[in-house]
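The values are calculated or read from the model by the stated rules, or taken from the named source; none is laboratory data. Here the structure is a predicted model, which is why all the values come from computation and not from measurement. Backbone-built Cβ (ideal geometry, glycine too); neighbour counts: all protein chains shown.
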Amino acid sequence: MEQRDVQGHYEVLAAEYDDHWVYGPSYIPWMAARIAEALRLTATDRIADIGCGTGLFAREVAKTVRPARPVLCVDPSAAMLRRIGVPPPPDLAPVVAAAEDIAEGSTVLPDGRLDAMWLKESVHHLADPARTLRGLAGRLAPGGRLLVVMLPATIRYPLFQDALTRFEELQPDPADIVGHLESAGMKAGLTHVEHELRIDRDRYFGMVRARYMSLLSTFSDDEIEKGIEEMSAAHPELVLEFSDRFAFVLGESEKRRGEGE
């Protein structure tokens with residue numbers, strides 16, 4: 001197994017990232033709407049997307065919520081953040097920082113305490129999820145909400161078997177994330193959402209070659225090609241259809257007495 005270099009992986013992928021993540025025209029609006037709904041976002045909220053990548057979901061959330069302050073787009077990859085725009089649009093504010101930097105206070109956010117933040121498919125990159133999520137919870141205002149969007153412990157993607165097995169070895173259990181948020185003093189719960197995907201087989205194989213999932217960066221070029229041969233044999237159909245199922249772990253901090261009453 002190759003050594004994982006997560007930041008290097010995203011630096012290389014930055015130029016093509018949006019192409020790999022936009023499965024179809026409905027996917028980004030659908031996911032952004034689910035995030036906004038789960039967090040109960042309003043225009044007065046101070047909002048951050050932690051591990052935002054190129055800001056795909058933050059951009060869509062800002063378009064629908066129209067927040068009074070720019071959505072903070074936090075990511076350790078400057079290359080990914082440049083894809084937001086130079087200069088960025090007025091409703092998005094890039095911040096070059098890792099989740100740990102925010103959690104530990106080494107990077108101070110311009111809006112002070114936040115009302116809502118989300119981490120989409122980045123919690124598995126955290127070296128110490130319990131500590132980092134506790135620190136992020138501490139950056140929330142009373143009544144603040146923290147949403148972790150992640151894949152479940154097993155997936156039904158049309159990937160090769162070694163990739164599916166390695167995913168299960170590396171992926172955190174959403175139930176553990178619930179426990180981390182509860183240990184941070186939050187009220188936490190777990191729900192699931194699903195989106196049916198239809199994607200051209202050759203396009204999906206190209207995404208795998210480009211290592212669109214960070215998991216795939218742990219495989220060599222030869223292993224990827226052998227995996228695609230396996231996928232080709234298993235999926236002769238020209239269009240792949242599968243469910244993208246996500247765990248939504250929502251934590252809510254306690255309101256001060258008299259607030260929201």
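Looking at region 182-204 only, could you name the residues that are farther than 18 Å from PHE246 by Cα and surrounded by 18 or more Cβ atoms within 10 Å (Cβ to Cβ)?
Matches in region 182-204: ALA184, MET186, TYR204.
Which one of SER232, SER214, SER220, SER243 is modelled with pLDDT under 95, loosely packed, with under 14 Cβ neighbours inside 10 Å, of a type in the set (S, T, N, Q) and farther than 30 Å from PRO142 by Cβ?
Exactly one residue qualifies, and that residue is SER243.
What number of residues in region 116-154 are under 25 Å from HIS195 (Cβ atoms), in a strand (DSSP E or B) and not aliphatic (A, V, I, L, M)?
Looking only at that region, the number is 3.
Based on this model, can you work out whether GLY227 counts as surrounded by 13 or more Cβ atoms within 10 Å (Cβ to Cβ), within 20 Å of GLY51 (Cβ to Cβ), touching a Leu at 6+ places or on another chain (Cβ under 9 Å) and not polar (S, T, N, Q)?
Taking the combined requirement at face value, the residue does not satisfy it.
Need the failing condition index for PHE160 against (1) under 27 Å from GLU241 (Cβ atoms); (2) modelled with pLDDT under 95; (3) out of contact with any Phe, Trp or Tyr (no Cβ under 8 Å at 6 or more places or on another chain), just the number.
Evaluating PHE160 over (1) under 27 Å from GLU241 (Cβ atoms); (2) modelled with pLDDT under 95; (3) out of contact with any Phe, Trp or Tyr (no Cβ under 8 Å at 6 or more places or on another chain) leaves (2) as the failure.
Just one of the numbered conditions (1) over 14 Å from the mean Cα position of the chain (by Cα); (2) surrounded by fewer than 22 Cβ atoms within 10 Å (Cβ to Cβ) is not true of ARG34; which one?
Evaluating ARG34 over (1) over 14 Å from the mean Cα position of the chain (by Cα); (2) surrounded by fewer than 22 Cβ atoms within 10 Å (Cβ to Cβ) leaves (1) as the failure.
Quick one: would you say THR54 is closer than 18 Å to GLY135 by Cβ and touching a helix residue (DSSP H, G or I) at 6+ places or on another chain (Cβ under 6 Å)?
no
With surrounded by fewer than 16 Cβ atoms within 10 Å (Cβ to Cβ), at pLDDT 95 or above and either under 18 Å from the mean Cα position of the chain (by Cα) or closer than 16 Å to ALA38 by Cα (or both) as the only criterion, which of ASP75, ASP49, ASP128 stands out?
Just one listed residue meets the conditions, ASP128.
Which condition number in (1) closer than 16 Å to MET213 by Cα; (2) in contact with a Pro (Cβ under 9 Å, 6 or more places away or on another chain) is the one that PRO129 fails?
The single condition PRO129 does not satisfy is (1).
Listed here are the residues, each with its yes/no results for (1) within 22 Å of PRO142 (Cα to Cα); (2) of a type in the set (Lys, Arg).
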position	(1), (2)
ARG34	no, yes
THR42	yes, no
ARG46	yes, yes
ASP49	yes, no
CYS52	no, no
ASP75	no, no
ALA79	no, no
VAL96	no, no
ALA103	yes, no
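What number of residues within region 41-56 satisfy the criterion of being more than 22 Å from SER26 (Cβ to Cβ) and not in a loop (DSSP other than H, G, I, E, B)?
Qualifying residue count, region 41-56: 3.
Take the residues of region 83-116 that are surrounded by fewer than 15 Cβ atoms within 10 Å (Cβ to Cβ) and in contact (Cβ under 8 Å) with a residue 60 or more places away in the chain: which is nearest to ALA36 (Cα to Cα)?
ARG113
Looking only at residues in region 155-207 that are over 20 Å from the mean Cα position of the chain (by Cα), part of a loop (DSSP other than H, G, I, E, B) and not hydrophobic (A, V, I, L, M, F, W, C), which one is farthest from SER253 (Cα to Cα)?
Ranking the candidates gives PRO158 first.
For region 57-92, give me each residue that is in a strand (DSSP E or B) and closer than 17 Å to GLY112 by Cα.
The answer is VAL71, LEU72, CYS73, VAL74, LEU92.
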